[in-house]
Amino acid sequence: MKRLLLSFFLMLMFSCSFAAHIIGGELRYEIVGPGSLPNTKIYRIILLLVKGDATGPGVATLAASYVVGIFNNDNNVKLDGPETNDMWRLIQNNPPGILSMPIIASPCLTNQPTLQYTYATYSTEVELPDNNNGYTVAHQTCCRQANMANVNQTGATYTCIVPGVLQLQNELAADNCPQYGLPISVICFEAPFTLDFSATDADGDSLVYGFCNAYDGGLATDASYIDAVAPPYNSVIYSNGFSASSPL
């Protein structure tokens, strides 16, 4: 059974005085096939980022590429990569390029706002040797959506874990990461709502959801930060009255 932890919420907080940053994202992997060497596999690492604001088009566009760090969970050592600080560069998938984010509007809205949210996916392929405890892949950035009520202004760490042979049934087993759906839900104060965090799994594995701490951005100070550090990662600082187990 595969465990999938619900680790982030896409919260839409509106303001007319600022341009928003990244409002959410997802880092996942797919099995491509056997590697060129014995006891290796090729994985496709995929990053999805959502950006925009609720006030119009005045938001910096998503970049053409981003980088991730890959860490061996047997010893926490970063794998050698071709980029500065041993990073791996993920290139924007084009097509499809930058797309408009689908929005689920609430029936409580009487005047539907014009929402300018976009997303893009980025990917690269990496050949990894089989190991006992797998690998942690991480992307860190400085800035979340501004003016959130439940979290102090901070960065974000997006991460996924490629399982090792100890987590799989046998050394020949392969495993794909689950994938969340895309829609963003617009909600009204003190009105019933549903947040869609449904996910699909290519292997048909059972998915188990739970609350956990959202991660801050580590040492990231700007959106071009390219030196993701090894786990463990630090929690964001929750505002008074909110926590990882009570984020709303």
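The values are calculated or read from the model by the stated rules, or taken from the named source; none is laboratory data. This is a predicted model, so every value here is computed, not measured. Here Cβ is always computed from backbone atoms with ideal geometry, including for glycine, and neighbour counts include all displayed protein chains. Calculation scope for accessible area: heavy atoms of the full protein, side chains included, ligands and nucleic acids excluded. Shrake-Rupley method; radii C 1.70, N 1.55, O 1.52, S 1.80 Å.
Annotations
- Cβ-Cβ under 6 Å pairs, at least 6 apart or on other chains, the range 201-224 side closer than 15 Å to D175 by Cβ and in contact (Cβ under 8 Å) with a residue 12 or more places away in the chain, far side open to solvent by 40 Å² or more (accessible area, probe 1.4 Å) and assigned to a loop (DSSP other than H, G, I, E, B): S206/M1
- Considering residues of the range 120-170 that are assigned to a strand (DSSP E or B) and open to solvent by 30 Å² or more (accessible area, probe 1.4 Å) only, the residue nearest to E26 (Cα to Cα): T159
- Residues being loosely packed, with under 12 Cβ neighbours inside 10 Å and in contact (Cβ under 8 Å) with a residue 12 or more places away in the chain - total across the range 180-191: 2
- Identity of the residue in the range 84-105, part of a loop (DSSP other than H, G, I, E, B) and among the aliphatic types (A, V, I, L, M), that ends up farthest from S224 (Cα to Cα): A105
- Test for C177: is it open to solvent by less than 40 Å² (accessible area, probe 1.4 Å), part of a loop (DSSP other than H, G, I, E, B) and touching a residue at least 60 places away in the same chain (Cβ under 8 Å): yes
- Selection status of V32, open to solvent by 30 Å² or more (accessible area, probe 1.4 Å) and modelled with pLDDT of 85 or more: yes
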